[in-house]
Each structure stands twice: as structure tokens, then as C-alpha cells.
Amino acid sequence: MLKMEGVAASPGVAIGRAFVLDAEGVRIRRRYIDHDEIQHELDRFQKAMESALEDIEETESTVAENIGPDYREIFSVHKRMLQDEQLKGQIRELIADRLCTPEHAVAKTLRTYHRIFLREAKDDYLAQRVTDIHDVEHRLLRALLGQKQEDLSHLQEPVVVIAHDLTPSQTAAFDPKKILGFATNAGGKTSHSAIVARALKIPAVVGLGNVENEVSGGEMVIIDGHQGVVVIGPDTDTITRYEERGRSIHLFEAQLVKELHDLPAETLDGRRITLLANIEFPSEVKVAVELGAEGIGLYRTEFLYVGAKKPPTEREQYEAYVQTIKELAGRPAIIRTVDLGADKLWSGMQEKNPFLGCRSLRFCLRHMEMFRCQLSAILRASVLGEVSLMFPLVTSLEELREAKAVLRDVMSEMRTDGVAFNEDIRVGIMIEVPSAALTADSLAKETDFFSIGTNDLIQYTLAVDRNNQTVAQLYSPAHPAVLRLIEYVIETGRRHGIPVAICGEMGGEIDYIILLVGMGLTEFSVTPAMIPDVKKVIRSITYEEAKAIAEKAISITEATEVLRFLRKEARRVFPQHEM
Ligand code: PEP
Ligand code: MG
């Protein structure tokens, strides 16, 4: 039995057999072999090499015939790789000496090459070789797995997925009936696959560093998404203990929902807080409302694009918005324009440093047709309910003005065409980069509301990638720089008379709720599952008390101390948080 600790990404307990995926969603079977299997496995590897070569030759002649002989060069590179004695020798050595399965040996060797090329790729030629290595690896894996290749869409029984990393689109395609939970080497609490896991209610632990190499396919695994723990090969006692734990957490949450459902999110001294939900899919609205959401504070519309081959049509987008609005039955919704890029990729997007690249609003402003199409869909839907529009990742006043100019232009076109829309639609922005936070006073004059996106604000303020497990320890909402920016934005919004909300994951973390209320925040938009817990904390304190706690927290100079202090206060009012 092995216990590993990572980042608790999505709550719940999952117990089941492991399904180990490599980066492309291919299952890698048992990773070690017995001594007497060496020759058989070496033969299997040899056959796979031959079959991959045949496969390349076949594709080569088809392509040459259909497109022209110039493309032969691509395939000769692949062939040379497969014939490379050094490469073959390394793989054979892993099988014979280290008793790796051929699949594991191929993946391990080619990924080492992949990493070296990626590091050294200073020109286009080398960068292209990185893709070639990928191709060769997958040809070989396909040849090795042959008919045995399994993918997630053909699962016979529910499994726990173990992977190096999962993209948001892979996670979004998970069927919660078949995927009990997942654990990954990479990722952080605010990575989008974690966010999607919470939306789908799939327990998950991420940022484990090396879980992929510790688990064999078929092994029993426990995922504890509350404490960020993964147990590999648990004994019967441990399984029973976790089953009970899962049941009692479930029971506690159900009781909390029942107890709080008809009560407002209000402090003990009567300060009313608006509690909204973040969603990725319209289908989440129903549950969010059942859990007590007063509306949707962030609809991440990019999940209509992520994983899709072509952008959704205006009609498809409009239908998704209509579904959301209808389910809300009069409650408000803030629809965010697409935040593509970074880790939410749409086919064809590729950048070396995507978090600082052409993501989000920048991407929209350079893909005008797509942007206008979405604005038009939102505007058309705006007559059906209380809809507001929100731009993500605004970094300057010019950018906000440019986006608003496009919006005005779309509106004017719709007017000419006689298409109805809400002329007074509220237009807000997300504050998720320090430049926006620090210029909040000028932005406030030209926008209707702010929503603080702490997931990005933290990563851009602290220079810590929100998806990178090696720096996950440094990703702290409690850092004094983050707190000062948040405090400044709330205060600026108040001075300018515009509402300020939080929609980053920090707003749903028990440790930070009292602090945010004390800083003067009156609107929280959180993962639906967290609504009852957030409400419970709000209803357990007075505003005066929260203000004093916030004041004290802001005066502390180290993030670890801030968190220690806040955690103590949170435990005092919400001891069940310990579960
Ligand atoms: C944020 O950055 O805090 C946010 C809510 O947006 P996303 O997580 O989609 O980047
Ligand atoms: Mg963001």
C-alpha cells in the first residue's frame, strides 16, 4: 500500500481500479514484466517495430500519390528514427535489464528524447522534430497495443483514471458514470481540468508529481479529493475506512444543503452577501440552484469551443445561453466572452508561452469574426433574462475600449437588422492581472462591474504557473501582494459605486471567506458544490468580526502566517471543514 499526497482538486472519495493513460489517451498496460517474459516481450517489441515501419511505408506511398512526392521527406525522418540502433538499443535495454513492458519502455525512451528536443528546439527544424518524435511514439504504441488498445470511450466498467496530465477538453469529455475519479502528476487546484472535475463532480487529486509511474493498470486506487490523498493498492481495512469517510462527507453535505437552502447568505449582524455559481456547462445550472445559487456569476463559455474542431455557430452558442437563462428562471447570469488560450486550447492553437501569449480577450480581438459572432449570440439571448456580459483578462483601458467598441458595432448592426437585444446590458470586466488591478480606478469609470479572477491574478502576481505542480507550494492566495491588490480593487469599486465580486477559486475556499467578507466584498461566485459551505461560514460571523480579522490578516507580512491565522479563524466557525 502506498499513500501519495497531492493537491485536492475536486472533492469526494473514489475507490476503483486504475486505468493508466499516457499523454494521448492510450492505455499503457502493466509496467513491469517477469524474468521469464523478457524474450517474449523483446520479440513483441521487434514485431511492433516492423509493423510500424510497414505502416509508415504504406502511409508514405498514399500521401505521395495523393499530395505529391515532396511530402516523402516527413516519412523518411520517421523511418530513420525507427531504424536508429541507439534508440532501439535503449528500449531493448529497458525491457531486458529493467523489466519494463515494451509499451512503458517505448514511452519512457521517446519521452526523454522529446524533452531533450523540446529544451533544445531553437529553430523550426528542431521544433518540427519534436512532433516527429511524438508521431513515432504513437505509431509504436499503436503497433504494440494492436487490438488490445483501449480508450476511455469503450470502458466496460467504471475506473479511476491515472495520467501524467489531462487537458480541460479530455476532462470535459469524461462520463461521470464511467470515471470514478482521477489523479495526475501535473496540475494545480485552479487548473481548468480541476475546475471541470468539480463541475462534473468527479473526485480528483492533481500535482502528485509521479503517480503515473507508481500505479499499474488494474490496481486498486483510492482518491480522496478532500484531503488530496491517493492510496495505491489499499488493504481491506483502508478501503472500508474510506468508504465510510465518503458516506459521512456525503451525508454532512446533504444535511447542510437542507439546513441552509431557504436561508439567505447573511452575516449574523445582517450584512447580505450575494452567492452565485460558476459554471462551465448549462447543465450545471439546475444543481447550482438546488444548492442555493442566486444566479450565475461566471459562465465560462469557452467550453463550447475547447476540444471542438470548429467554433460553435452563433445558433449553437445562442441555444446554450437560452438553456442557461431558462434554467435560471429569472435569476441573473453573467456570461463571460471566451477565454481561450493558455490551457484551454481550441484546435490549431499553439504557442510557446501561452499564459503570456495571445489568450482570452486578446485572442478575441484578433479573431474578430469569432468575437462578433459570440457577442451577437449573447446580445440576442439578453432579451430573455437578466444577462450581463463580461470580458476576461483585460490588461489595459485601451483593450477595454476596443472590446466595447466592437460590442457597440455589433449592437448597431443588430439594430439595423431589427434584431432585438437589451440596450442596457451591463458590461463588466474580470480583474485577473496586476495591471488591471492597479488601474482599477480608470477601468471603473468605463465598466459596470468588476469580478476578481484570483486564479489568474495570483499566477500573474506571484509569477507562479497555476498548472505547474513543481511550484504549487508558491501559489498562495494569502500572499500579501495578492491581498493588497484585492483590497484595492474592492475599495476602488466601492468608491466608484460599481459592484465587485470574486469568481476565482479563492472565493470558495473556507480559509478565505471571512477575510473577503471583512474586506467588504458583497458578491461571491463559486463552484456550485461549495455554495452551502460558503453560506455556512457567512452565516456564522458578524461583519464587524470579519472586518477585524481582515485588518489583522492584511497586516501580516508572510503568506504562511496569514494562512495559519485565517485557518484558525475558519476552523473556529466551521469545524467540519476538517473532515
Ligand atoms: C480566474 O482567473 O480566477 C477565473 C475565474 O477565470 P479562469 O479560471 O477561467 O481563468
Ligand atoms: Mg482567468
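Of note:
- Residue under evaluation Val489, criteria (1) outside any helix (DSSP H, G or I); (2) out of contact with any Ser or Thr (no Cβ under 7 Å at 6 or more places or on another chain); (3) within 24 Å of Met390 (Cα to Cα), criterion not met: (1)
- Enumeration of residues in region 332-359 that are modelled with pLDDT of 95 or more and of a type in the set (S, T, N, Q): Thr337
- Here Thr470 meets each of (1) under 30 Å from Leu166 (Cβ atoms); (2) more than 16 Å from ligand 1 (Cβ to nearest atom); (3) modelled with pLDDT of 95 or more; (4) open to solvent by 20 Å² or more (accessible area, probe 1.4 Å) with one exception, condition (3).
- In this structure, Ile486 qualifies as surrounded by 21 or more Cβ atoms within 10 Å (Cβ to Cβ), of a type outside the set (Ser, Thr, Tyr) and in the same structural domain as Ile549 (by TED's automatic domain parsing).
- Looking across region 382-423, the residues that are surrounded by fewer than 18 Cβ atoms within 10 Å (Cβ to Cβ) and out of contact with any helix residue (DSSP H, G or I) (no Cβ under 9 Å at 6 or more places or on another chain) come down to Val383, Glu398, Arg401, Lys404, Ala405, Arg408, Ser412, Arg415, Thr416, Asp417, Gly418.
- Failed condition for Asp424, given (1) assigned to a loop (DSSP other than H, G, I, E, B); (2) touching a residue at least 60 places away in the same chain (Cβ under 8 Å); (3) not aliphatic (A, V, I, L, M): (2)
- Considered as a group, the residues in region 358-372 that are buried (at least 20 other Cβ atoms within 10 Å of the Cβ) and part of a helix (DSSP H, G or I) include one that is nearest to ligand 2 (Cβ to nearest atom), and that residue is Ser360.
- Among residues of region 435-457 that are away from ligand 1 (no atom under 16 Å from the Cβ) and among the β-branched types (Val, Ile, Thr), those with a beta-carbon under 9 Å from a residue that is part of a helix (DSSP H, G or I) and open to solvent by less than 40 Å² (accessible area, probe 1.4 Å) at least six positions away or on a different chain give the pairs Thr439/Leu397; Thr447/Leu400.
- Residue, nearest to ligand 2 (Cβ to nearest atom), within region 416-457, restricted to residues that are over 24 Å from Ile296 (Cβ atoms) and hydroxyl-bearing (Ser, Thr, Tyr): Ser435
- Arg401 outside any loop (DSSP other than H, G, I, E, B), among the basic types (Lys, Arg) and either out of contact with any strand residue (DSSP E or B) (no Cβ under 8 Å at 6 or more places or on another chain) or more than 16 Å from ligand 2 (Cβ to nearest atom) (or both): yes
The values are calculated or read from the model by the stated rules, or taken from the named source; none is laboratory data. Being a predicted model, the structure only gives us computed values, none of them experimental. Don't worry about glycine lacking a Cβ; one is built from the backbone with ideal geometry, like all the others, and counts go over all protein chains shown. Note: areas computed on protein heavy atoms with side chains; ligands, DNA, RNA excluded. Shrake-Rupley method; radii C 1.70, N 1.55, O 1.52, S 1.80 Å.
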